[in-house]
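These notes concern the structure reproduced below.
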Amino acid sequence: QQQVKQSPQSLIVQKGGISIINCAYENTAFDYFPWYQQFPGKGPALLIAIRPDVSEKKEGRFTISFNKSAKQFSLHIMDSQPGDSATYFCAAAQNTGGFKTIFGAGTRLFVKA
Amino acid sequence: EAGVAQSPRYKIIEKRQSVAFWCNPISGHATLYWYQQILGQGPKLLIQFQNNGVVDDSQLPKDRFSAERLKGVDSTLKIQPAKLEDSAVYLCASSLVGVDTDTQYFGPGTRLTVL
């Protein structure tokens, strides 16, 4: 019940295309859903996040779509660029006097120039 | 603003040896996390501190792993004795105490190889 399932494992997209990464969770107590971006040799960095009372959040080329009833959420990267090539992790967190965060397994994105 | 600092960046040890990792969080961040990231997987929380106190250590293998956070600032994570399956990147992160959101700032990690 604490798992966050992420798909696909890897993704190859042409420059200018749309990258879509999907995640699903079981625990309805999760109340914060961040996405992190990780480049090789670096720690993850927060990209964008959403709370379950919102169905969509957009920041520049990055959009989170959230479906509370289906317990699914996804990251859309519009106009994907080679510089977006990285590993993306979805996560789900529950505030129990401090946020406990469960990460998905990650999606390795490669954007072809 | 300085980021989360970790040292060493790389460590190679033999199994059954001990090893320690150090983390200096962003100034003013009350919450500090240690994660284990095995190659090809997402980070897995080992222990979470808020100031000096432990918030969650449910996934810390306490027979071999220990962690402390002195004076609510720096933290060390120790493994004694190490096993082959401990080979991973150990990430430290810190965050402010949030009500609705939690932006975790990660350090570059320590890559541990156990031979």
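Laid out as a table, the results:
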{"read-out": "Karplus-derived HN-Hα couplings along region A:104-112 (A = 6.51, B = -1.76, C = 1.60, θ = phi - 60°), whole Hz, x at Gly and Pro", "value": "x, 6, x, 10, 8, 9, 10, 9, 7"}
{"read-out": "Furthest towards positive pole of dipole, B:22, B:104, B:73, structure part chain B, Cβ charges", "value": "B:22"}
{"read-out": "Average Cα contact separation per residue, chain A, under 8 Å, 6 or more apart, as relative contact order %", "value": "37"}
{"read-out": "The protein assembly as shown: equivalent-ellipsoid semi-axes (sqrt of 5 x gyration tensor eigenvalues, Cα, Å)", "value": "29, 21, 16"}
{"read-out": "Proximal aspartates and glutamates relative to residue B:11, as straight alpha-carbon distance under 15 Å, when same-chain residues fewer than 8 apart are discounted", "value": "B:85, B:86"}
{"read-out": "Chain A - charge dipole about Cα centre, Lys and Arg +1 at Cβ, Asp and Glu -1, debye rounded to 20", "value": "180"}
{"read-out": "Within the protein assembly as shown: Cβ-based charge dipole about Cα centre, in debye rounded to nearest 20 (Lys, Arg +1; Asp, Glu -1)", "value": "580"}
{"read-out": "Distant alpha-carbon pairs in chain A (separation over 25 angstrom), percent", "value": "17"}
{"read-out": "For residue A:17, distant residues with modelled amide H under 5 Å away", "value": "A:80"}
{"read-out": "Cα coordinate range in chain B, projected on the principal axes (Å, largest first)", "value": "41, 26, 25"}
{"read-out": "For residue B:113, residues with placed amide H under 5 Å, excluding near neighbours", "value": "B:11, B:12, B:13"}
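Here, each number is a calculation from the coordinates, and none is a lab measurement. These numbers were taken from a predicted model, which means no experiment stands behind them. A quick note on method: Cβ atoms are made from the backbone with ideal geometry, for glycine too, and the neighbour counts reach across all protein chains shown.
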